[in-house]
Each structure stands twice: as structure tokens, then as C-alpha cells.
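Some notes on the structure that comes next.
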Amino acid sequence: MVTFTACRSEPELVRPARPTPQETKALSDLDDQLSLRFYESIVGFFRSPPGESVRPGKVAKGIKAAVAGALVYYYPMAGRLQKIPGGNKLEVDCTGEGVMFVEAAADVRLEDLGQPLVPPYPCVEEFLADAGDTT
């Protein structure tokens with residue numbers, strides 16, 4: 001197993017790039033299964049362009065801008081789940097609050113993590129941040 005040190009930024013919310021509809025959307029019965037009620041973290045690994053030195057925040061800035069743009073069209077993702085009064089079904093409150101984003105940098109090369117780099121990633125907990133209260 002490879003050892004390395006990862007440095008994570010403070011979690012921040014990435015909001016949609018433009019105003020989005022303020023509404024609620026009920027989940028379908030397929031999406032509202034109890035077994036699907038968990039928080040999902042996504043880890044993406046990105047290389048620096050060839051010949052460029054790594055500047056902290058450069059890649060993350062572009063990714064955050066792309067996410068903010070995508071959230072305009074997929075705006076329910078920037079909302080919050082809530083229970084529908086009088087039951088246990090969920091709906092999405094399309095608040096436009098945003099999605100959690102954390103940048104991490106590590107003193108390791110992608111090649112050192114294995115080839116091909118596929119889940120489950122080694123030492124993935126080094127890259128993940130605590131999602132906090134997601135209710």
C-alpha cells in the first residue's frame with residue numbers, strides 16, 4: 001500500500017451559476033426507496049496538463065465553474081431533500097443552495113495509486129471530507 005499525505009480544502013457550496021426555479025418536486029416511487037437514502041460522495045482524479053506546473057486551485061476553479069453551470073439545468077441537485085408532511089415520502093425542495101465541493105491535493109502520483117485506477121480506490125478516505133449534517 002502506498003503512503004502519502006493529502007491536504008483538503010474547507011468544504012464549500014457550489015451554487016448554480018444563474019437563478020433557478022424555486023419549487024418542490026416529488027420523488028418517484030423508484031427514487032424514494034428507503035434503501036437509497038444515503039449520502040453519496042464522488043471522488044475524481046485529474047492530471048495537470050502536460051508541461052504545466054501544478055498551481056493549487058487552478059483545476060478546482062474550472063471544475064467548480066463547470067458544476068455551477070450544470071446545476072442551472074440540473075437544479076434539483078442543488079436543492080435539499082425533505083419529508084412530505086403526513087408521511088415518509090421525500091421531495092426535493094429546489095432551493096438552489098448548491099452542492100458540497102472539497103479540493104484535495106496529495107504528494108503522490110496517480111500512477112502510484114495503481115493502474116488502471118478503478119474503485120475501490122486505495123486510501124480514498126484521505127481524499128474525502130466529512131459531509132456534516134446532511135438532513
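Couple of notes before you dig in:
- Complete set of residues in region 67-81 that are free of Cβ contacts under 8 Å to residues at least 12 places away in the same chain and under 18 Å from Leu27 (Cα atoms): Tyr73, Tyr74
- Qualifying strands (runs of 3 or more DSSP E) (wholly inside region 34-134; at least 2 residues being in contact with a Lys or Arg (Cβ under 8 Å, 6 or more places away or on another chain) and under 19 Å from Leu13 (Cβ atoms)): 90-93
- Lys25 vs. criteria closer than 28 Å to Phe4 by Cβ, open to solvent by 40 Å² or more (accessible area, probe 1.4 Å) and modelled with pLDDT of 85 or more: no
- Here Ala6, Ala17, Ala70, Ala78 are screened, and the one residue that is closer than 17 Å to Glu126 by Cβ and surrounded by 12 or more Cβ atoms within 10 Å (Cβ to Cβ) is Ala6.
- All positions within region 86-126 that are within 14 Å of Arg47 (Cα to Cα) and surrounded by 11 or more Cβ atoms within 10 Å (Cβ to Cβ): Glu103, Ala104, Ala105, Ala106, Val108, Leu110, Asp112, Leu113, Leu117
- Ser28 assigned to a loop (DSSP other than H, G, I, E, B) and either in contact with a Gly (Cβ under 6 Å, 6 or more places away or on another chain) or of a type in the set (Gly, Ala, Ser) (or both): yes
- Of all residues in region 28-65 being of a type in the set (Gly, Ala, Ser) and open to solvent by 60 Å² or more (accessible area, probe 1.4 Å), the one that is modelled with the lowest pLDDT: Ser53
The values are calculated or read from the model by the stated rules, or taken from the named source; none is laboratory data. As the structure is a prediction and not an experimental result, all values here were calculated from the model. Here Cβ is always computed from backbone atoms with ideal geometry, including for glycine, and neighbour counts include all displayed protein chains. We work out accessible area using only protein heavy atoms, side chains counted, and drop any ligands, DNA or RNA first. Shrake-Rupley method; radii C 1.70, N 1.55, O 1.52, S 1.80 Å.
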